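Here the structure comes first, spelled out in structure tokens, and everything after it is commentary.
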Amino acid sequence: MKQYDKADDLLYAGSSDPADLLKWAMDKFHPDIALACSFSPEDIVIADLMLNIRKDARIFAIDTGRLNEETYECAEAMTNQLGMTMEWYFPAQEDVEALECAKGLFSFRKSLDARHECCRIRKVEPLARALSGMNAWITGLRRDQSVTRTDLKSVERDDAHGGIVKINPLLDWKVSDVWVYINEHKLPYNRLHDEGYPSIGCAPCTRPVKHGEHPRTGRWWWETPEDKECGLHVKNWNI
Ligand code: SF4
């Protein structure tokens, strides 16, 4: 794996069009670059853009074992319609067994540390495995999704994953831009979005939001906004 200190590998001088940024990134890093897909509408837009650039674009997903049925249906519809192969990653079996035997099935509700422990086992460690050997990864993060995401850059060094490059092509898109693309291109999406779920993670940690509430209110709703990350995009987590 290469370390990216700064210089030309982080220097993107192209347009703000996500397709241009993705083409630059894939020309530079493929096959050692992949989209981390959680089946959000943002990720589905990016997958479509990537596959339009090259059919062998790499896309991976993490099956935490606690996803909604609707998310699996969305995954199947997406892979079928886009004609792609998803690279699936799972949590380490022995870690899930140890967690559930020792602490039960809902330990994540007991404290922030307990929630981080579950996210670390089910998301953070599989992500680290997926990224090992990569030189860059792509996310569907948008700046206005959360107070934890306001200072992101569209091309940045990811110190939490060995200093590889992290590409955020939709950083400055609004949610309305995402849905315009989904509808214009007739792409599949998670049907929970039609049932009041603007942001979808694991089933027991996601609930619908009321009209006017922040879209991420339904994620880990028992925590404060500053704590609402799963560890995938946090710089100072110990994995
Ligand atoms: S979102 Fe909830 S169930 Fe999923 S890994 Fe995190 S704590 Fe565990």
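The values are calculated or read from the model by the stated rules, or taken from the named source; none is laboratory data. Owing to the predicted nature of the structure, the values given are computational and were not obtained by experimental measurement. Positions of Cβ are backbone-derived with ideal geometry, glycine not excepted, and every protein chain shown enters the neighbour counts.
Just a few scattered comments:
- Within the range 193-210, one or more residues are in contact with a Gly (Cβ under 8 Å, 6 or more places away or on another chain), outside any strand (DSSP E or B), among the aromatic types (Phe, Trp, Tyr) and crowded, with 19+ Cβ neighbours inside 10 Å.
- Residues of the range 69-103 satisfying the condition of being within 14 Å of the ligand (Cβ to nearest atom) and farther than 27 Å from residue 132 by Cα: 103
- If the condition is being within 16 Å of the ligand (Cβ to nearest atom), among the small types (Gly, Ala, Ser) and either more than 28 Å from residue 176 (Cα to Cα) or surrounded by 23 or more Cβ atoms within 10 Å (Cβ to Cβ) (or both), then the range 118-148 contributes 128, 130.
- Looking across the range 208-219, the residues that are away from the ligand (no atom under 12 Å from the Cβ) and among the charged types (D, E, K, R) come down to 210, 213, 216.
- Residues in the range 20-58 that are among the aromatic types (Phe, Trp, Tyr) and more than 15 Å from residue 85 (Cα to Cα): 2 in all.
- Some residue of the range 173-191 being within 19 Å of residue 49 (Cβ to Cβ) and among the basic types (Lys, Arg): yes
- Every pair of residues 6+ apart whose Cβ atoms lie under 6 Å, when the first sits in the range 49-74 and is hydroxyl-bearing (Ser, Thr, Tyr) while the second is surrounded by 19 or more Cβ atoms within 10 Å (Cβ to Cβ) and not in a helix (DSSP H, G or I): 64/202; 71/39; 71/190
- Restricting the range 13-28 to residues that are over 19 Å from the mean Cα position of the chain (by Cα) and touching a residue at least 60 places away in the same chain (Cβ under 8 Å), the residue that is nearest to residue 130 (Cα to Cα): 28
- The range 100-131, residues that are assigned to a helix (DSSP H, G or I), modelled with pLDDT of 95 or more and hydrophobic (A, V, I, L, M, F, W, C): 101, 102, 108, 114, 118, 119, 121, 124, 127, 128, 130, 131
- Qualifying residue in the range 77-100 (condition: among the charged types (D, E, K, R) and within 16 Å of the chain's Cα centre (by Cα)): yes
- Count of residues meeting criterion [more than 20 Å from the chain's Cα centre (by Cα) and under 21 Å from residue 210 (Cα atoms)] in the range 176-193: 0
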